Structures are given as C-alpha cells and as structure tokens.
Amino acid sequence: MDGSLLQKVDPEMVGGHLSYVLGAVGMPGLTALLGVREKGHVTPGTNQTMVISGAAGACGSVAGQIGRLDGCERVVGICGSDQKCQTLVTELGFTAAINYRNGDISSALRELCPKGIDIYFDNVGGPISDAVISQMNPGSHVILCGQISQYNKDVPYPPPLSKDTQEDLCHKNITRERFVVLNYMEKHEEGLVQLSHWVKTEQIKVLETVVNGIENMGEAFCSMMTGGNVGKQVVKLSD
C-alpha cells in the first residue's frame with residue numbers, strides 16, 4: 001500500500017488504548033463530531049432536543065455525548081434493548097432512551113420530547129426514522145449518517161422516503177443532507193485532537209464490545225449487524 005494513504009497512530013492520543021483509534025478517537029468519532037458540527041446546527045441556550053437512532057453503537061453513542069457537550073437541553077437515544085437504554089442514561093449522560101422493540105416509538109417520543117425534535121442523528125432509516133421525522137420541529141435538521149435497516153435491500157442510497165415523511169420534510173423545511181466524513185478531511189486532525197481531549201478528561205466515555213481471535217471475526221461482524229454490540233465492535237488479535 002502507498003504509505004501516503006496511511007495515518008500513523010499516536011498512542012498518546014488515546015492514553016494507550018489503541019482500540020480507541022478504531023472508534024471514539026477515529027473514524028466513528030469523527031463521523032459523530034463532524035456530523036453534529038456540520039449538519040446538526042446545535043445552538044447552546046435554545047433548549048434544543050436531539051434524537052439519535054442506533055444510539056448504542058460506535059458512532060451514535062459518541063454523537064449523543066457530543067450533542068450534550070455542545071449544548072442540547074435533551075438528548076434521547078433509540079436502541080434495541082433495555083440494557084442498552086440503561087447504559088445510555090446511566091453511563092453516557094443521555095436524558096432518556098427508547099427500546100424500539102418495546103411498544104410504540106411514536107408515543108415514547110412524544111413523552112420524552114415534549115417540545116418536539118430539533119436535531120436527528122439518523123443511523124438506521126426505515127420506520128424508526130419516519131417516526132422521528134414526523135415529530136420534528138419546523139426548520140430542524142436531520143444528520144443523514146447511515147441507513148442500516150435498508151442495506152440489504154435493492155434500493156439506492158440514500159433510500160427513498162415514504163410519501164408522508166417526504167411531505168413532512170418539505171412542509172416543515174427540514175434539512176436532510178447526506179453526510180460523508182471523508183468529505184471533511186481538512187477537519188480531521190483538529191477533530192481528533194478534540195475527541196482525544198474529551199476521552200482523556202472522561203467527558204466522553206467509550207463503549208466497546210471485544211471478541212478475541214480472528215477466527216471469530218465473522219461471528220462478531222454478524223452480531224454487530226444485528227445489534228449484538230454495545231459501542232464499537234472490536235476483534236482483538238493479540239496484546
């Protein structure tokens with residue numbers, strides 16, 4: 001490989017936790033930081049509410065913490081288990097969390113976001129995103145990061161929205177632009193310094209699910225794709 005394409009890892013950036021370079025102080029962390037900063041339009045002191053889907057994953061778990069640090073009044077995560085919900089609230093400082101497998105997401109959002117939703121960090125797409133967008137305020141912002149519920153379908157990316165959701169975007173003037181972290185290479189170095197500081201000072205807490213052995217890589221990947229991980233899914237090869 002052409003060495004100019006590689007980035008040398010500085011262990012000091014992650015306090016010796018090298019796996020963090022694959023997560024919170026790496027591409028997923030940058031995706032969270034630059035997604036919130038470039039597309040979220042967080043304005044401190046304006047009582048904004050942020051919702052994150054896929055909130056217990058490598059990117060979503062960091063995005064919610066950044067939303068809180070940048071000044072959102074309420075940060076609500078959507079994930080797939082009660083245990084993940086508890087982790088988001090008790091360990092990461094989310095205001096509340098919703099297990100999408102339990103009951104009506106729309107009712108839970110109305111209860112937990114009484115002033116509507118101003119920023120939506122979208123990692124999943126599909127019916128969950130339809131439910132969130134239907135409760136977004138006029139002039140609000142969707143950070144289109146991922147659409148994991150749609151990846152096994154033969155549809156273009158970003159996948160088409162339902163008619164009702166598309167009408168909500170138009171009538172409420174909601175921005176929804178595709179976000180690709182590699183389009184902001186000039187901001188990566190500064191972003192990694194910020195993420196490193198937050199992690200070292202424990203303002204951002206890092207979650208990982210570690211599987212040992214390259215022979216278990218396929219199992220770990222499939223588990224990640226079905227929501228088995230909390231935080232970054234890591235396959236550890238050696239000490």
- Query: Remind me, relative contact order of the chain in percent, using alpha carbon pairs under 8 angstrom and six or more residues apart?
  - Reply: 20 percent
- Item | Computed helical MRE - 222 nm, the chain, DSSP H runs ≥ 4 contributing -39500 (n - 2.57), nearest 500 | -9500 deg cm²/dmol
- Item | Cα-centred dipole magnitude for the chain, charges only on beta-carbon of K, R (+1) and D, E (-1), debye, nearest 20 | 340 debye
- Express the relative contact order of region 104-189 as a whole percentage, based on alpha carbon pairs under 8 Å and six or more residues apart in sequence. 29 percent
- Note on the structure: Looking only at lysines whose Cα falls under 23 Å of residue 236's and that sit 8 or more positions away or on another chain, we get 8, 84, 200, 205
- Note on the structure: With the dipole of the chain defined by +1 on each Lys or Arg Cβ and -1 on each Asp or Glu Cβ, the option from 98, 109, 88 whose Cα lies farthest towards the positive pole is 109
- Task: Please work out the Cα convex hull volume for region 109-239 and give it in Å³ per residue.
- Result: 170 Å³
- Query: For residue 232, which aspartates and glutamates qualify as cross-link partners when the Cα separation must be under 13 Å and same-chain residues fewer than eight apart are set aside?
  - Reply: 208
- Note on the structure: Once amide hydrogens are built 1.01 Å from N within the peptide plane, the residues lying 5 or more places from residue 77 or on another chain with amide H under 5 Å from its amide H are 52, 96, 97, 98
- Message: Using Cβ contacts closer than 10 Å as the measure, can you line up 130, 10, 122, 2 from fewest to most?
- Response: 2, 10, 130, 122
- Cross-link partners of residue 115 among lysines (Cα-Cα below 23 Å; sequence separation of 8 or more within a chain): 39, 172
- Which helices, taking whole DSSP H runs in the chain, have alpha carbons extending 15 angstrom or more along the helix axis plus mean Kyte-Doolittle at least -1.0? 58-70, 188-200
- Note on the structure: Cα convex hull volume per residue for the chain, in Å³, equals 143 Å³
- Note on the structure: Rounded to the nearest Å, the spacing of the alpha-carbon centers of region 1-56 and region 168-236 is 7 Å
- Note on the structure: Placing +1 on each Lys and Arg Cβ and -1 on each Asp and Glu Cβ in the chain, then taking the dipole about the Cα centre, the residue among 170, 141, 32 whose Cα reaches farthest towards the positive end is 170
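On average, how much area does the Cα convex hull of region 1-110 cover when viewed from any direction, in nm²?
One quarter of the hull surface, i.e. the mean projection, equals 8.9 nm².
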- Message: If the only charges are +1 at each Lys and Arg Cβ and -1 at each Asp and Glu Cβ, what is the size of the charge dipole of region 137-239 around the Cα centre, to the nearest 20 debye?
- Response: 200 debye
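Bear in mind that the values in this text are calculations on the coordinates, not laboratory data. Keep in mind the model is a prediction, meaning the values are calculated, not measured. When we count neighbours, we look across all protein chains shown, and the Cβ atoms used for this are built from the backbone with ideal geometry, even at glycine.
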